[in-house]
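Q: The structure under discussion is supplied below as structure tokens; questions concerning it will follow.
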Amino acid sequence: MSLVRVQHVSLSLDGFATGEGRSLEAPFGHAGERLHDWMFATRWGREMLGRTGGSGGVDDALVRLFAPGVGAEIMGAGKFGYPGWHDDPEWKGWWGANPPFHTPVFVLTHQPRPSIEMEGGTTFHFIDASPAEALATAREAAGGLDVRLGGGPSMIRDFLAAGLVDHLHLVVVPILLGRGVRLWDDLEGLEKDYDVEAVSTPSGVTHLMFTRASR
């Protein structure tokens, strides 16, 4: 069966994956881009921004695993747009006409709307479903490939609590946010279900890999 995986989601030292005060002008609230500076310093990150240069090494190698083998994504409403985007019928996400997903993307929302077909193979589908229901739908669309959980942290937490995540790649960034949305709340003992590996890199971040332990 295909895997359910989370890829390079950044966390502060105190466990926040986004800051407080998210808005159209501040997608990550008071955190700004501090959680993701490491990623956009890599060659892959620079390419995503249409720029040249950037660092190689482990950081770059790991972010390049974003697309291979993924046939669909599930994301929360908070990743798709700013608070209040449901009231804007023209909102099509943060990523412009050609989003970086290139697969079906299932947006979990209590206010579904018609699907939006974008350039490059991305189609956003808006569904009101439980984690298990959303995963079944995404797996069918993925055609045997893996399903990526794109975030945000509240959605990933729900899938972890339901026992549906096979591989979790987190990146601990050496900053303190103090407020925002935490990933780890109400997940005590989660590590017992996974084999955990850690790799620190010269950029100052630590990559944590949680792989579901074999029974």
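Q: Going by what's in this entry, would residue 149 be described as modelled with pLDDT of 95 or more, under 21 Å from residue 39 (Cα atoms) and within 14 Å of the chain's Cα centre (by Cα)? Step through it out loud before you land on a result.
A: Details: modelled with pLDDT of 95 or more: yes; under 21 Å from residue 39 (Cα atoms): yes; within 14 Å of the chain's Cα centre (by Cα): yes.
Yes; evaluated as a whole, the condition is true for this residue.
Q: Restricting to the range 146-201, count the residues that are open to solvent by 40 Å² or more (accessible area, probe 1.4 Å) and assigned to a strand (DSSP E or B).
A: Total meeting the criteria: 9.
Q: When the residues of the range 52-66 are narrowed to those that are charged (D, E, K, R) and open to solvent by less than 60 Å² (accessible area, probe 1.4 Å), which ends up nearest to residue 170 (Cα to Cα)?
A: 59
Q: Hey, another quick one. Determine whether residue 30 is open to solvent by less than 70 Å² (accessible area, probe 1.4 Å), without any contact (Cβ under 8 Å) to a residue 60 or more places away in the chain and more than 20 Å from residue 169 (Cα to Cα).
A: no
Q: Considering 171, 199, 147, which residue is among the hydrophobic types (A, V, I, L, M, F, W, C) and under 12 Å from residue 9 (Cβ atoms)? Let's see the steps before the verdict.
A: Values: 199 fails: under 12 Å from residue 9 (Cβ atoms); 147 fails: under 12 Å from residue 9 (Cβ atoms).
From the options 171, 199, 147, the qualifying one is 171.
Q: Here is a follow-up. Conditions first: (1) within 28 Å of residue 1 (Cα to Cα); (2) at pLDDT 95 or above. Residue 214 passes all but one, so which condition is the exception?
A: Condition not satisfied by residue 214: (2).
Q: Hey, another quick one. Filter the range 168-205 for residues that are in contact with a Phe, Trp or Tyr (Cβ under 7 Å, 6 or more places away or on another chain) and more than 27 Å from residue 32 (Cβ to Cβ) and give the result.
A: Matches in the range 168-205: 194, 196.
Q: Any chance the range 58-72 includes a residue that's farther than 26 Å from residue 135 by Cβ and in contact (Cβ under 8 Å) with a residue 60 or more places away in the chain?
A: Checked the range 58-72: at least one residue is farther than 26 Å from residue 135 by Cβ and in contact (Cβ under 8 Å) with a residue 60 or more places away in the chain.
Q: Quick one: would you say residue 104 is more than 24 Å from residue 210 (Cα to Cα), in contact with a helix residue (DSSP H, G or I) (Cβ under 9 Å, 6 or more places away or on another chain) and in contact (Cβ under 8 Å) with a residue 40 or more places away in the chain?
A: In short, no.
Q: While we're here: State whether one or more residues within the range 90-98 are closer than 23 Å to residue 182 by Cα and more than 15 Å from the chain's Cα centre (by Cα).
A: The answer is no; no qualifying residue exists.
The values are calculated or read from the model by the stated rules, or taken from the named source; none is laboratory data. Just so we're clear, the structure is a prediction, and the values are computed from it rather than from any experiment. Note that we place each Cβ from the backbone using ideal geometry, even for glycine, and neighbour counts take in every protein chain shown. Surface accessibility is based on the protein's heavy atoms, side chains included, excluding ligands, DNA and RNA. Shrake-Rupley method; radii C 1.70, N 1.55, O 1.52, S 1.80 Å.
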